[in-house]
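J.: My questions will all concern the structure given below.
The values are calculated or read from the model by the stated rules, or taken from the named source; none is laboratory data. In this text the structure is predicted, and so the values were computed from the model without any measurement. Note that we place each Cβ from the backbone using ideal geometry, even for glycine, and neighbour counts take in every protein chain shown.
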Amino acid sequence: MTTALVHGLAVTGAATVRALRRRGVDVLVSDDSSDPSRVELAEQLDVELVVAPGDAELRALVAAADVVVPAPGVPETHPLIGTAITAGRPVVSELELAYDWEQQRPGGPRPMLAVTGTDGKTTTTLWTVEMLTAAGVTSVAAGNTDVPLVEAVDREVDAFVVECTSFRLAWTQRFRADAAVWLNLAPDHLNWHASMATYEAAKARIFSQQRADDTSVGFVDDPVVMRHLRAAPSEQRTFGPTGADYRIERSVLVSPHGELAATRDLRRALPHDLTNGLAAAALVLESGLAGLAAVATALTTFTGPAHRIELVVEAAGVAWYDDSKATTPHAAAVAVRGFDRVVLIAGGLNKGLDLAPLAAEAGHVVAVVAIGAAADD
């Protein structure tokens with residue numbers, strides 16, 4: 001690779017430009033937006049930014065590049081993708097670039113753990129990092145975080161925990177993790193993917209690209225996840241409330257390796273918290289990067305990321321929670337299901353998703369305050 005086209009100059013795009021340049025690759029940069037912050041960033045990077053290229057200009061940019069790297073926000077229906085495919089140029093995400101570079105690392109590649117799913121990715125990713133930290137393993141939460149994987153692979157760490165969105169997985173063919181977990185699948189991002197089928201296919205790459213000595217971990221109660229898990233070429237493990245390798249028995253989280261922690265000792269102990277904790281435990285235990293003691297410690301000390309059923313205040317007998325990261329009906333329904341009586345403040349912009357999963361939890365809701373563009377839905 002001598003020349004790459006990076007389309008989309010936000011956090012990941014900028015990190016990709018820097019990483020490519022560090023490896024001696026010439027970089028062309030384009031963006032659909034003329035936002036002043038993008039123009040200023042291009043000046044800081046000392047690159048010429050082509051803003052909102054037309055069809056002819058896009059064809060010329062693609063023709064001048066060996067590889068095309070769309071930023072995560074560039075949908076699969078964007079003209080860039082079709083232009084690159086027609087021209088025979090590979091389309092790759094930052095995950096693919098970073099994975100290839102890590103495979104070429106002197107001394108060999110470091111372990112990668114990966115997390116995908118419609119909901120729960122960030123919590124599970126951060127919980128996994130905390131378990132590794134408890135085991136004395138230095139790691140970084142990368143990918144769909146503040147640290148793109150192309151930036152993370154240049155850090156001095158022992159391992160990577162990669163939060164994988166469908167946007168990033170869609171443009172991979174080689175990227176794989178030593179242990180990967182798929183949490184769930186529900187309709188989402190249908191304004192990015194051409195269909196639910198392509199959304200599912202992108203997620204499925206987290207399993208299908210693994211090797212025989214890798215481990216795939218799937219949610220036992222999700223039939224789509226389980227179908228792909230059973231077809232995976234790797235070792236297979238399951239997690240879930242019951243009937244799984246990593247499960248809950250008599251209010252204790254257990255694994256094939258032994259008991260992990262009592263549910264009463266966890267700071268985050270709603271039903272979905274427990275399954276996220278089991279998923280993280282499966283990743284680190286199956287990878288061999290941490291033992292039972294470290295997992296137990298992290299399970300009982302983890303407080304979780306902000307804006308995910310985060311207790312804000314208790315006043316006059318009412319507990320106020322911030323769950324503003326629940327941006328799909330499925331995610332909001334999971335949160336509502338964790339409480340007996342809820343006054344739900346919800347709305348914003350619906351991404352063309354069916355609200356039926358949220359309506360199914362109406363028995364937990366005593367009132368709804370509907371706000372934003374979706375209020376009438």
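J.: Which residue, of Thr297, Thr303, is touching a residue at least 40 places away in the same chain (Cβ under 8 Å), over 24 Å from Arg176 (Cβ atoms) and out of contact with any Leu (no Cβ under 9 Å at 6 or more places or on another chain)?
T.: It is Thr297.
J.: Would you confirm, using the coordinates I've provided, whether Gly363 is surrounded by fewer than 15 Cβ atoms within 10 Å (Cβ to Cβ), under 24 Å from Asn184 (Cα atoms) and without any contact (Cβ under 8 Å) to a residue 60 or more places away in the chain?
T.: So Gly363 fits the description; yes.
J.: So, one more: Going by the structure shown, is Val69 β-branched (Val, Ile, Thr), touching a Cys at 6+ places or on another chain (Cβ under 7 Å), modelled with pLDDT of 95 or more and crowded, with 18+ Cβ neighbours inside 10 Å?
T.: no
J.: Mind telling me which of the residues Leu289, Leu358 ends up being within 24 Å of the chain's Cα centre (by Cα), in the same structural domain as Thr125 (by TED's automatic domain parsing) and not basic (Lys, Arg)?
T.: Leu289
J.: Val115: in contact with a Ser or Thr (Cβ under 6 Å, 6 or more places away or on another chain) and farther than 18 Å from Gln210 by Cβ, yes or no?
T.: no
J.: Based on this model, can you work out whether His7 counts as crowded, with 21+ Cβ neighbours inside 10 Å and either at pLDDT below 95 or in contact with a His (Cβ under 9 Å, 6 or more places away or on another chain) (or both)?
T.: It is true that His7 is crowded, with 21+ Cβ neighbours inside 10 Å and either at pLDDT below 95 or in contact with a His (Cβ under 9 Å, 6 or more places away or on another chain) (or both).
J.: For Leu28, are the conditions met, namely being crowded, with 16+ Cβ neighbours inside 10 Å, in a helix (DSSP H, G or I) and aliphatic (A, V, I, L, M)?
T.: The answer is no for Leu28.
J.: So which of Ala261, Ala280, Ala244, Ala293 ends up being out of contact with any Gly (no Cβ under 6 Å at 6 or more places or on another chain) and more than 23 Å from Gly136 (Cβ to Cβ)?
T.: Ala244
J.: For residues in the range 200-224 being touching a residue at least 60 places away in the same chain (Cβ under 8 Å) and part of a helix (DSSP H, G or I), which is surrounded by the most Cβ atoms within 10 Å (Cβ to Cβ)?
T.: In this case the residue turns out to be Ile206.
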